[in-house]
Structure formats: structure tokens, C-alpha cells
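Working notes, beginning with the structure itself.
The values are calculated or read from the model by the stated rules, or taken from the named source; none is laboratory data. All values reported here derive from a predicted model rather than from experimental measurement. For neighbour counting, all protein chains shown are included, and Cβ atoms are generated from backbone atoms with ideal geometry for every residue, glycine included. Heads up: the accessible areas ignore ligands, DNA and RNA and are worked out on the full protein's heavy atoms, side chains in. Shrake-Rupley method; radii C 1.70, N 1.55, O 1.52, S 1.80 Å.
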Amino acid sequence: MAVREPRTKSTANGQGQAAHDDARNPGIPLDMGWVKSQRVNTSAVERRAATMGTRRSVKKDWQAAWLLRAITCIDLTTLSGDDTPGNVLRLCAKARQPVRADLLEALGMADEGVTTGAVCVYHNRVADAVDALKGTNIPVAAVSTGFPAGLTPHRLKLEEIRESVAAGAREIDIVISREHVLLGHWDALYDEVKAFREACGPAHMKSILATGELSNLRNVAMASLVAMMAGSDFIKTSTGKEPVNATLEVSLVMCRMIRAYYERTGHKVGFKPAGGLRTAKQAMNWQILMKEELGDDWLMPNLFRIGASALLTDIERQLSHHVTGRYASDKYMPMG
Amino acid sequence: MTSRIAEIFHTMSYGPAPEATNAAQAWLDEHGRKLNLFINNAWQAPKSGKYFTSTAPATGDKMADVADAGADDIDAAYQAARAAFPAWSALPGHARARYLYAVARQIQKHSRLLAVVESMDNGKPIRESRDIDVPLVARHFYYHAGWAQVQETRLSGYQPVGVIGQIIPWNFPLLMLAWKIAPAIAMGNTVVLKPAPYTSITALLLAEILAEAGLPPGVVNIATGGDEAGVSIVNHAGFDKIAFTGSTGVGKVIRRATAGTGKKLSLELGGKSPFIVFEDADQDAAAEGLVDAIWFNQGQVCCAGSRLLVQESIADSFLAKVKRRMNTLRVGDPLDKSIDLGAIVDPVQRDTIDAWVKRGVAEGATLFQPDVELPAKGCWYKPTLLTDVESSMAVAQEEIFGPVVVAMTFRTHKEAVALANNTRYGLAASIWSESINLALDIARKVKAGTVWVNCTNMFDAASGFGGYRESGFGREGGEEGLHEYLRPVWQARPQPAKVDLTKKWGDAVPSRPAPLNGHSHADVSAAPAINRTAKLYIGGKQARSDGNYVRVIKNHDGTLAGEAADGNRKDIRDAVEAAHAAASGWGSRTGYNRAQILYYLAENLSARADEFAARIAALTGAPAKDAAREVEASISRLFTYAALADKWGGTVQETTLRGITLAAHEPLGVIGIACPDDHPLLAFVSLVAPAIARGSVVVAIPSETHPLVVTDFYQVIETSDIPAGVVNIVTGARDVLSKTLAEHDDVDAMWYFGPAEGSAFVEAASAANMKRTWVGYGLPVDWFSREQGEDEAFLHEAVQVKNIWLPTGE
């Protein structure tokens, strides 16, 4: 099942930015028997997660290539109350040119059109970002549905999605109502996510489970399944605003659910860890997780995104080290 | 033209990630690639003049020539250890703790070099040697440094055993060395250790580190070599104990070779451990667990989860998960940091594995191997899954010792237990279920020294490791492991005379009527006493002996005391069957319930104390006062074990697991007990009471000369609520009956307190099923004394320790 992405130079950005052309996850009817049958052993998950990065080591040219691939999977994100057109424009510029041209040249990657996977902002900055990314194939993602807590009226959440899509967002990152999980209202969760999906129309939907607020890994597994049954194109760990955000443990559980869903339905759902991923080393651990648990298809941006901001700079420093052999400094990396 | 980075950017392949070997190569070069014996902290060329070549299995390249010790070399190593023993054992615990602490620290400081050489020499992945083996080696020295520190207070009734001969296998060269050496030297023993010839090099590297840590000369001696060296250790008269880890076949040879020598023995042998997946398991976790169970160290692990038992309802989905996972395993250079399976230790071993797999397929198993590439050069075997396997196939019964798991299905929980226990081995088991009730219930029912719940192949120095059944006896790690290297302070090393084990033993002609005696002169003026017939006591019933022979039993004064049934092989067979029928019911009763019954036994004996005292006096000629004292002591002893029926259940081990590791003291099962001739009631009670208090059932052979006090006693048993079959009594010729018990495949332990000769034969015969033995070598025991007659040793002998690992966390 680990089918390698066909190498098509014609695809803009060299990213296989095929997500938006691919068949989407249409969802399936809610299957409560399947949901309820999920069993997750926390300590076993922890052991697997702890050895994910010790069983595999990616070095030298492979490390550089993997990190460049990681860049193409980054949803370069700013989600602050003080975001203005100015800092969003700067971020978009970095998304278009995430690595210094001289480094890309030295790495033999100048022709690959490396950009980030997307730029991710609040609704009010969508139009700015869309404008700044004109001429590229970099989509703009909008967090939505009362992000991050998701405690606004359902009617307004649907309206928020529609407005962001109208403003040019090609991806919508919705948040689920955590209470549906904590109270075991799986049908309500299903209906909610399905309604979001309908509101998204052509935009791809990433469902944020906010795993740090779901109490335990079995809930994460069940919420993952329900979100996929309701038609999510991606499932995403966190808003970045919970006390605990993306961990390898929850990611492992979610990836196993993605695999189970794919094996049963044939639909490939993407995965997006977000929150707390700041280092190149962490990014590679997640890449190893994707490769080992889901296969190579899930290393590409149509099925794997990393929600991050500072991560890009650390990766760029590592690439600089690979090129020069010297440890690098932030001040040589243009900021986003 | 596309750059290599651009190419990888699209393929996202793994590249090589080799661990550097420069320090390891330099170390070998500095030793001239010729490694000598480590004796008295010095390198000594072997007197044998012989060396063998040690190669790296991944490449076939020579690593070094290694000394091949002969008998003289083993003696030299022994003499060094013997000379070092007095001073080392006399050191305060704190001083030994400092040495062990220094060793632990030095191991950590040289951990990467140790890991690299280990992976080169053995072929195991560097991840395992780096992240598992070597940290555990350091952990063992830390843990046992602690035991040395508190030895005087926590183990005050014990002394070191003496000089220990230790023989270890090639699958975990450093870890097995640590398991052997750390507890031995912590407790004040000195050692001669022989590594396996495939993997001698890290033992010598570690020896250098021991010397660097300042360990005094002679405390640890490393004698590399092959069969001759091993045989020389086992047969050397000077060693006080042999500790062996390896195959069950060799273990049996060692058991026979050491029989009757008075050497202590611990054996950690083979396994065919079940990996049981219930339908309510986290199947992804269990599939990952199976990777750790059978593809850890290329499956060359004694406790490998090599028998997959999966509930039929989930078999298809679970096996699909396993196959998917197998497809992502990477086989290759053990020094590559992205490798899951390294090299098989030697082409001989690879061929053995392959022969098993071919035999399994020939017997009808379905073979699955992932499509992984193997390096062109070196010694490899693909991870292998055999499905459609039935218990009757050899691959389901025999230890393959390679990366091969056989899969079978079960329908019910009961069938899972039956299949799990349908093996001659009992080393480990792994249980996967999200139901705590089910998991713990199965954990108690599986016959294995280590049970991992929702985990597998977890090790720690604080948890004893060792087997049931033909997986051997003795534990390594935990407090229980210390007792392998200790003996009670009152007890000297037994030095029995040599016994010729080739001669016939345990043969007797059935008895005939007494020759003309006092009866023929009986006074005709009075009515005679009513003729009494002492029978056997089997399954709660008084039973006539199968052979219908009796033995004439005389009183001390030569007058006829009565007749006792002359039991034979078939009576033992019946008694063992009766015992088995009672075993699980008795073993699962509460300690409180067993205590009540033992108290009741004491109460009923007390009611007939005078009668028993009179019988003892008449039989043994003991003065009335002493006979009465023997009955009182027996009553007290019953109280002791009634007391301990609910106070020896086990402990919580403080391992590195987040969770609970329970060391449960489980009943041994069926114990054969041959009582000494002296103190016929007290010795019988002293031996039987601890066994039944701790939930075992017994087949007891009373004093051969004075059995009638015990046949009287079965009337006390009958009135004391002891369930049928828990205590079975077979009178007759001790050695005839002991031979049958010692050889019986369905007897779990044999305690023998007859003469030295019988002790030797019992130890030798026990090798057939590797039952545990406890023999007295004919040495006198002061049954009245607390330290000798009701010592903690009785409790240790009455239980086996099962370590149950229970991870927690939600």
C-alpha cells in the first residue's frame, strides 16, 4: 500500500499538491459498533511511541531530503490576536520561499519548487493571505467553527466556514465539540462534523480533535473514527491552544485509526499534528511515524501536514548545517 | 540531472545510518586480535595452547582469536577464585557495594563501546545493545550494589555459597554475564564465568572494565572456551555451585553430572512461550508486542513469544495486522541504527532455524515471510510467521530459537489456558486483553515464571527471571535471585561421598512375613490385640497396596509393631493422580482457609497427643519425655505453617516498569516427599505442612523404619477437613518409591531426606522432566530446631515465584 508519489515536474511546487484534485473522503454512515469496539492500551502506545525515533535514524543526504519534504508539509501558521495584514504578508512570503535560495541551490533542490504546504490563519486574515499567495498553488487554510474552544453557536460555526470559503480559503480547520466526546454523544459528534463538511463545499476539511482535552486515548481513537466517518479529509491533533498538544502517542493512535479506516473503506484520510512541534528532530520523528504506520503516501502534503511556525526556522538551520558543515544561527535565516 | 537529495525527496527512502566502529576496532587491535584468559585480573595465555577464531556474523570477518580453555585452565581460574574468596566474602557489605557501584558506573561510562562490540560479536541490532542490553547490565550492578549494602541487615541469616562456576549462552552475552556475576559477587561469592564461544569478546572487554573499576584480583575470572571448558567447570569438584543458562538438553546433562555432589545448581533453560491475544485486546498494540516478543534479538531469546495463540474470532484481522507490520521490518547490518533484525549468530544456527521452518511447512503449516532484502554477505534469516499450525506439529512444541512465530487459534478462555500450558516449558507468557479480570485470571493460570500483561520481554534486575517445568529452576534478579547465591549460616557446603550413578538403585524384593518371633510365645490366657492393618492413604481413602505385599514393622524392642503396606510403582502412580485431582482446588483456596485447616489438624493431633507419643516411644525407643516433645513440636510446627499460610504470598517488585510487578508465590504443584527415618512424626509434619500451607499437594513417603506413626496420622488428617488427595501417604521402601516419584513426569518437585546415595539418584533422575529437587545428602537435621526444622528455606522450596508485569496508565 506504500505507493510512492509519482514524480511529476508539472505539478506546481513539487509537492504533489494533489490534495485538491484527489478523490476526497466522502465519509460513511456512522457505525457505532465499530466505534465502540476500539481498544487502546495506553502503556503499549507509549512504548511504541518512545521507540519510534530510536528504531530509525535518518542521516546525511537522507536527513536533508526528509527535512525538505517536511517543509512541503508545513501549514505555516499564525494564530494570534494581534495578527495584522503586515505579519501575515511576511509569513506568506516565507511560505513561498521557505529556504534560502543559495541553500536550495547547494542541495540540488533549486528546481523542485519547495514551498510550505499551506498558510494557516484566522478568518479575518484569509483575504490577506490569499492575496499574498496569488500566483502560487499554496492554499490558505482557515481555522474555524469558534476556534479554539468551539463553544459558539452551531449556526454561526457553519456561517464562519462558508465565509472563509467565500474569502478564498481552500482548507478549513474545524474544531469539534469536546463535550460530545466526553459525554459519549457520538451521534451528535458525527452530525456536527458532517454538517461542517457540507458547509466546506469544495474546501478540504481538517478536523481538530483537541486530543489534550479528550481525557484518554480510547476517546481519541473513537473520535478519530467518527470524524472520518463524517467526511473529514484530515484529522488533526490540536489547536495549539490546549495544555497538551501534539504528542507522538496521540498521533500513533490517530494514525492507526486512519489505517483502519483506509483498510475498511479505501478512503485515505490525512493527518496533521499541530502544537509544540518546534524542532527538525521532532518533525523527523513524526515522519518516521507516518512512514512506519501508514506508508510513504502519508509523507506527502496531500496526506500529511504539520501545523507549526517556529519549526521552519529550525529546519532551515539544519539544512544550512548540512550545506556548510557549520552549526547555523537564526540570524542568517530570513524570518517569516 | 537530479541530485541525490532531490531523488530521496521523492522516494522518501531510508538511507544507511551506521554506528562507528573505530573505538571497537582499536580495542581489538590493541589486544593484537588475540584475547587470553582473564584470571586474577591479568591476561593469561591458555595452558591448553589453543585458540579459536571469533567472527562477526554480519560480515563473516574475523574479530579475534580467543583462548580455548582446557581443564588445567579452568582449574587455574578456579584456584584464583578460591584464593580470593576468604577476603572478598569477609568484606563488609558496604565495601562490596562500593565495588559494585564502581562497576555500574564504569559500565555506563563505556556503554557505547560495549554496545558496539556486542553488536559486532553477536549480530544483534545496535538499537538493542545500546538501548536495552547495556543499560540493563548497568542496572544489574546498581541493583545488586544495593543488596550488598543491606546484606548484613536484610539477609543476616545467610552466608555466601562460595566459588561459583557460571556458564552463559551467546544470545545476550553481556546481559547474561551481568545476571550471573552481579548477584554472586554482591553476596560475597567469587566466580569463574565461561562465555559462549560464539560471543566471548564482550565478556573480556567487561573484564577489563571490572579491573578498571578496581575489583580485586580473582573475584571474577573469565575463562573462554568450548565444550571442554564447560565440562571442566561442571565436573570440577571445587565449585560450590553451578549456574547455567542455555539449552534444556545441556541443562539436563549438567543436572545429571552434578547429581549427588552437593553443588547448588540453577538452570535457566529453553522456552516456547505463549503470546495470547484475546478478542478484547488492543490489536495494534498486540501486533507491536509480537514484534518485541519474537523479532527481538532475531528471536534468539529463551523467553521469546514464539507461540502466538489468538482468539479465533479475531484471528484474520490480527494476522493481517501482523503481516502488515512484518512488511516494515528491516533486516541487515546490526550496526545500522535503522535495523530491526540483525544477523543470526552463526550459519549453524541459521541452518537449524531453516530446517525447523521447512519441517513445519512439510507438516502443513503456511509460511509467510515479508519481501525484505537480505544483505548479500553474512548470516541472516527473514522474520517468519507460520500459520495453520496445530499443537501436534513439532514447530509448535520445539524451541526454534530464531525469528519464527507459530500461530494457533483458540475458542474460549479455558482453551487458551490449555493450549498455553500444553508445553514442557514454562519460562514466560504474554497476555493481551483490555479486561483486567480476564488478564489477571489468565496470568494466574498460565504456568510460567514471568507473565507480561499487555507487554512483553520486559526485564529488570528487581524482578526474578526463571522458569517452571523444563525451563529450569532458580531465579535471576529480585530478592529471590539472591538465594541462589546464599546458604543458611548454620549449613556447611554438603560434601557427600561420591556415588556411582551407573549402579542399580531403588530396587527391593517385597517383604515376607516376620520370621518366628515373640508372637509364637504369646500368652494364651488373654485375648490377643485386634489385628490392625495400616493401609496406604490415597485420594482421601485408605487404600490397599496394589501389590498386596506388606512390610513387617518392629518396635524399638524388637517386638512386632504391625505391618505397613509395601507400596509399589502403581501406588505412586495412583497417589500422583489423586494429588493432581486435588491440586487446582487446593491451590486456589484462600490462605485463610488453608490456615484454618492446618490449625484444625494441630487441634486434632493435640487431642491424641498421648497416643502419638506412646507410638513414637515404642517405635523409636525415644524416652517418653522426648516422644511427647516430638508431638508438641509437631503441633507447634503445624501452627507455624498455619500462620504462614497467609503470610508468604509474594511481594511487589520495584522494577522500572510504570505499573506493578507482582512476585506471586505460587504453589509448586505436586511435591514428592521422602521423609527421613528419624523423628518420624516431626520430620513428616515439618516437610508436609509447609508444602500444603503454600497450596501444593503431596505424595509423602513416611519414615521407612517407623511408618506407623504416620499411618496413625492419616486418621487425624481424615478428621481435619483436608480435602481428598491433598496429602497422600505411600508406605514402603523409600528408595523404590522415591525412584518412581523422582522419575515421574507429572511430579513437579521431589524432596528427599534419605541417605546420600538416594539423594544423588533423586537428583539425577529428576533431570527427566527437570523437576526441582531438595535433598539432604544424608546429613543430620535437627528437626526440633527452628533454624533447621522450619527455616525460611522450607517456604522457598514450597513455592515458585511468578513475576507478573502489569503496566498501568490510561
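Structural remarks
- All conditions in (1) open to solvent by 10 Å² or more (accessible area, probe 1.4 Å); (2) out of contact with any strand residue (DSSP E or B) (no Cβ under 9 Å at 6 or more places or on another chain) hold for B:Ala689, with the sole exception of (1).
- Flag for B:Thr11 being within 30 Å of B:Leu329 (Cβ to Cβ), more than 14 Å from every other protein chain (Cβ to nearest Cβ) and of a type in the set (S, T, N, Q): no
- Test: residue in segment B:410-424 that is more than 30 Å from B:Ile804 (Cβ to Cβ) and of a type in the set (Asp, Glu): no
- Meets criteria (small (Gly, Ala, Ser) and either open to solvent by 60 Å² or more (accessible area, probe 1.4 Å) or in contact with a helix residue (DSSP H, G or I) (Cβ under 7 Å, 6 or more places away or on another chain) (or both)) for B:Ser48: yes
- Unmet criterion (only one of (1) open to solvent by 20 Å² or more (accessible area, probe 1.4 Å); (2) more than 17 Å from the chain's Cα centre (by Cα); (3) touching a residue at least 12 places away in the same chain (Cβ under 8 Å)) for B:Glu470: (2)
- Tally, over segment B:241-286, of residues that are closer than 30 Å to B:Asn437 by Cβ and not in a loop (DSSP other than H, G, I, E, B): 8
- All positions within segment A:212-247 that are away from every other protein chain (no Cβ under 14 Å), surrounded by fewer than 24 Cβ atoms within 10 Å (Cβ to Cβ) and farther than 27 Å from A:Ser309 by Cβ: A:Gly231
- Only one of the numbered conditions (1) closer than 27 Å to B:Ser317 by Cα; (2) free of Cβ contacts under 8 Å to residues at least 60 places away in the same chain; (3) open to solvent by 30 Å² or more (accessible area, probe 1.4 Å) is violated by A:Arg278, and that is (1).
- Subset of segment B:14-25 [in contact with a Lys or Arg (Cβ under 8 Å, 6 or more places away or on another chain) and more than 14 Å from chain A (Cβ to nearest Cβ)]: B:Ala23
- Being within 30 Å of B:Ile181 (Cβ to Cβ), open to solvent by 50 Å² or more (accessible area, probe 1.4 Å) and either of a type in the set (Phe, Trp, Tyr) or in a strand (DSSP E or B) (or both) holds for only one residue in B:Trp452, B:Trp490, and it is B:Trp490.
- For segment B:692-719, the tally of residues that are touching a strand residue (DSSP E or B) at 6+ places or on another chain (Cβ under 7 Å) and of a type in the set (D, E, K, R) stands at 1.
- Number of the exception - A:Gly16 against (1) at pLDDT below 95; (2) assigned to a loop (DSSP other than H, G, I, E, B); (3) open to solvent by less than 60 Å² (accessible area, probe 1.4 Å); (4) more than 11 Å from chain B (Cβ to nearest Cβ): (4)
- Enumeration of residues in segment B:654-685 that are part of a strand (DSSP E or B) and either under 27 Å from B:Glu577 (Cα atoms) or open to solvent by 20 Å² or more (accessible area, probe 1.4 Å) (or both): B:Gly659, B:Ile660, B:Leu662, B:Ala664, B:His665, B:Glu666, B:Pro667, B:Val670, B:Ile671, B:Gly672, B:Ile673, B:Ala674
- Within segment A:30-46, the set of residues being open to solvent by 10 Å² or more (accessible area, probe 1.4 Å), more than 7 Å from chain B (Cβ to nearest Cβ) and not acidic (Asp, Glu) comprises A:Leu30, A:Met32, A:Gly33, A:Trp34, A:Lys36, A:Ser37, A:Gln38.
- Against the list (1) under 22 Å from the mean Cα position of the chain (by Cα); (2) free of Cβ contacts under 8 Å to residues at least 40 places away in the same chain; (3) within 14 Å of chain B (Cβ to nearest Cβ), the condition A:Gly108 fails is (1).
- Looking only at residues in segment B:408-425 that are out of contact with any Pro (no Cβ under 6 Å at 6 or more places or on another chain) and closer than 9 Å to B:Pro274 by Cα, the one that is nearest to the other protein chains (Cβ to nearest Cβ) is B:Leu419.
- Positions within segment B:511-527 being at pLDDT 75 or above and under 21 Å from B:Arg551 (Cβ atoms), in sequence order: B:Ser511, B:Arg512, B:Pro513
- Any hit, segment A:55-62, residues being loosely packed, with under 15 Cβ neighbours inside 10 Å and either at pLDDT 95 or above or more than 14 Å from every other protein chain (Cβ to nearest Cβ) (or both): yes
- Residues within segment B:701-751 that are closer than 19 Å to B:Asn568 by Cβ and outside any helix (DSSP H, G or I), tallied: 17
- Here segment B:267-314 is the region considered, the condition is being within 27 Å of B:Trp170 (Cβ to Cβ), open to solvent by less than 10 Å² (accessible area, probe 1.4 Å) and small (Gly, Ala, Ser), and the residue that is farthest from the other protein chains (Cβ to nearest Cβ) is B:Gly270.
- Of residues in segment B:635-650 being in a helix (DSSP H, G or I) and under 31 Å from the mean Cα position of the chain (by Cα), the one surrounded by the most Cβ atoms within 10 Å (Cβ to Cβ): B:Tyr641
- Condition broken by B:Leu28, with the remaining ones in (1) farther than 18 Å from B:Ile126 by Cα; (2) away from chain A (no Cβ under 14 Å); (3) open to solvent by 30 Å² or more (accessible area, probe 1.4 Å) satisfied: (3)
- B:Val116 being modelled with pLDDT of 95 or more, of a type in the set (Val, Ile, Thr) and either farther than 30 Å from B:Asp346 by Cα or assigned to a helix (DSSP H, G or I) (or both): yes
- Test: residue in segment B:414-421 that is under 28 Å from B:Asp346 (Cβ atoms) and assigned to a loop (DSSP other than H, G, I, E, B): no
- Checked against the criterion of being without any contact (Cβ under 8 Å) to a residue 60 or more places away in the chain and within 21 Å of B:Leu486 (Cβ to Cβ), segment B:77-85 has no qualifying residue.
Here is a yes/no grid of residues against (1) assigned to a strand (DSSP E or B); (2) in contact (Cβ under 8 Å) with a residue 40 or more places away in the chain; (3) open to solvent by less than 10 Å² (accessible area, probe 1.4 Å); (4) closer than 24 Å to B:Ala77 by Cα:
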| residue | (1), (2), (3), (4) |
| --- | --- |
| B:Gly165 | yes, yes, yes, yes |
| B:Pro169 | no, yes, no, yes |
| B:Leu177 | no, yes, yes, yes |
| B:Pro183 | no, yes, yes, yes |
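- Sole exception among (1) in contact with a strand residue (DSSP E or B) (Cβ under 7 Å, 6 or more places away or on another chain); (2) open to solvent by 10 Å² or more (accessible area, probe 1.4 Å) for B:Ala243, by number: (2)
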